[in-house]
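Novice: Before I ask anything, here is the structure I am working with.
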Amino acid sequence: MQAAAARARRVLVSPAASGLPGILWGPRLESASSAEGALLLHLYGVPSSASSRHHARDFSSCFAPQSPGNLILPTMASQWLSEKSVHRHMATAHFSTEASDVDHPTEAVEEMYQKMLKSVEAETMPPNAWLWSMISSCSNKEDIKLLFQILQKLRVFRLSNLCINANFNDHLCMKVTEACARVGALDYGLKALWKHNVYGITPTIGSAHYLLKHAKELNDTKLMESIMQVLRRNALPLQPGTADIVFRWDLLSKYAERFVKAGVKLHRTVFDIWMEFAAKVGDSQSIWNINSLRGKSVKHYTLATGFACAKGSLLDRKPENAAAMIKLLYKHLPDQKKPFVKDELQKLIAEWPAEVIKRQKKDDRKAMEEALIKDIPAMINCLTKSGLDIPVDLEKLTPQLQAA
């Protein structure tokens, strides 16, 4: 009987039961009578008195103010609408779980929710340990729903009773994000990155990186794009580490301009992967565009970027330029890395032509094959004439092209 009463009470105090998106969205309260408004406030767990400032010690000490809260309703409404389509995709693509699996929150989380709710109703801030326990205990999406409900109520309590108009600290954002990823509630994880939210969460780029890594592990390009959209809409600062995670060819090409405009200096490994892939697909124009960006942040060529440029010259039917690039690369490489030039040159002869040809349209393959059969030996000849005599096996060129 007590358990049933507790569940009924939780339903009554939930935002869905009261018909409100959240207590801070007030349109319904404005149209209600004063008695109805008071009843709704009471059911929602918001105390009527602001006299309990002495209860601020627990949470205000742990969740130190980091950034001012912004409760401007039009801004929040706009944010909610802008993310609506993203959440629809997330719900259908990532969280299609049988209803029987997620109908009920776990006992530990529901118990902690009720304890914290009773504490708020008694105009007392719950101990910090209760919230951390609730976060660590979340194991399904219903648990996450309760977590976000209590965060919203705590945010309202801090604002109305304790006059704290600041969000919780950024450590909470990371822990909440980790919990959302752990149970597969990525739609709520994205809410934790909203700049203006009713949960008192301070979004951080570190939390965004955690979600991006999770999406990368799932090999989910659409999810990574959704996260990048949230970063843009909420003006979270991009970092070199962001580009390291979003290393896929299609996403790097799509967001490269944003990284550059934001003044982000991409790491050397990003350019290695990016230019290497452009060479594999036979896109010489992308090689030169990326190399132009590389020159603004990275001074020296690596084996990967140097040979990508050589391949770009071969694709443009300029074997002498390819030879000049390899010679320049060899000259500036540290002595311990110079022996690897021979290995990369042999791969260019024995592996790369077949790989790039098979990625071309069928009508273009024959012409590219003939061009490479002619231009690669010409490049080797130019290298020898320039004084860089690297022994390679050109006999492997024709057979592997025939296999392609």
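The values are calculated or read from the model by the stated rules, or taken from the named source; none is laboratory data. Owing to the predicted nature of the structure, the values given are computational and were not obtained by experimental measurement. No Cβ is skipped: glycine too gets one built from the backbone with ideal geometry, and neighbour counts run over all protein chains shown. Protein only, heavy atoms only, side chains kept; ligands, DNA and RNA dropped before computing areas. Shrake-Rupley method; radii C 1.70, N 1.55, O 1.52, S 1.80 Å.
Novice: All but one of (1) more than 25 Å from LYS299 (Cβ to Cβ); (2) open to solvent by 20 Å² or more (accessible area, probe 1.4 Å); (3) part of a helix (DSSP H, G or I); (4) of a type outside the set (Lys, Arg) hold for VAL392; which doesn't?
Specialist: (3)
Novice: Let me ask something additional. Give the residues of the range 132-147 that are part of a helix (DSSP H, G or I) and under 17 Å from GLY189 (Cα atoms), sorted by residue number.
Specialist: Going through the range 132-147, the residues part of a helix (DSSP H, G or I) turn out to be 132-137, 141-147.
Within the range 132-147, TRP132, MET134, ILE135, SER136, SER137, LYS141, GLU142, ASP143, ILE144, LYS145, LEU146, LEU147 qualify.
Novice: Return the residues of the range 316-337 that are open to solvent by less than 50 Å² (accessible area, probe 1.4 Å) and out of contact with any Leu (no Cβ under 9 Å at 6 or more places or on another chain); say none if nothing qualifies.
Specialist: So the first thing to find is which residues in the range 316-337 are open to solvent by less than 50 Å² (accessible area, probe 1.4 Å), and the list is 319, 322-323, 325-326, 329, 333.
PRO319, MET325, listed by residue number.
Novice: Of everything in the range 257-271 that's in a helix (DSSP H, G or I) and buried (at least 19 other Cβ atoms within 10 Å of the Cβ), which residue is modelled with the highest pLDDT? Don't jump to the end; show me each part of the working.
Specialist: Taking the range 257-271 and keeping what is in a helix (DSSP H, G or I), we get 257-261, 268-271.
Add one more test, that the residue is buried (at least 19 other Cβ atoms within 10 Å of the Cβ), and what stays is 259, 270-271.
Details: PHE259: 76, VAL270: 81, PHE271: 87.
Out of the qualifying residues, it is PHE271.
Novice: Considering only residues that are open to solvent by less than 80 Å² (accessible area, probe 1.4 Å) and not hydrophobic (A, V, I, L, M, F, W, C), look in the range 365-379 and name the one that is nearest to ASP393 (Cα to Cα).
Specialist: Start the filter on the range 365-379 by keeping residues that are open to solvent by less than 80 Å² (accessible area, probe 1.4 Å), which leaves 365, 367-369, 371-373, 375-379.
If we keep only those that are not hydrophobic (A, V, I, L, M, F, W, C) too, we end up with 365, 369, 375, 377.
On the way: ARG365: 23, GLU369: 18, ASP375: 15, PRO377: 10 Å.
The qualifying residue nearest to ASP393 (Cα to Cα) is PRO377.
Novice: For PHE340, indicate whether it is closer than 21 Å to PHE277 by Cα and open to solvent by 50 Å² or more (accessible area, probe 1.4 Å).
Specialist: yes
Novice: Quick test for you: out of LYS331, LYS327, LYS299, pick the one residue that is assigned to a helix (DSSP H, G or I) and free of Cβ contacts under 8 Å to residues at least 60 places away in the same chain. Before you say what the answer is, go through the steps one by one.
Specialist: On the way: LYS327 fails: free of Cβ contacts under 8 Å to residues at least 60 places away in the same chain; LYS299 fails: assigned to a helix (DSSP H, G or I).
That would be LYS331, the only listed residue that is assigned to a helix (DSSP H, G or I) and free of Cβ contacts under 8 Å to residues at least 60 places away in the same chain.
Novice: For the subset of the range 199-254 comprising residues that are of a type in the set (Lys, Arg) and more than 12 Å from the chain's Cα centre (by Cα), which member is modelled with the highest pLDDT?
Specialist: Going through the range 199-254, the residues of a type in the set (Lys, Arg) turn out to be 213, 216, 222, 232-233, 248, 254.
Okay, now just the ones that are also more than 12 Å from the chain's Cα centre (by Cα), so 233, 248, 254.
On the way: ARG233: 90, ARG248: 64, LYS254: 71.
Among residues in the range 199-254 that are of a type in the set (Lys, Arg) and more than 12 Å from the chain's Cα centre (by Cα), the one modelled with the highest pLDDT is ARG233.
Novice: Okay, moving on. Can you run down the residue pairs with Cβ atoms below 6 Å, 6 or more apart or on separate chains, where the first is in the range 360-381 and closer than 11 Å to ILE349 by Cβ and the partner is surrounded by fewer than 16 Cβ atoms within 10 Å (Cβ to Cβ)?
Specialist: Short answer, once both residue conditions are applied: PRO377/LEU394.
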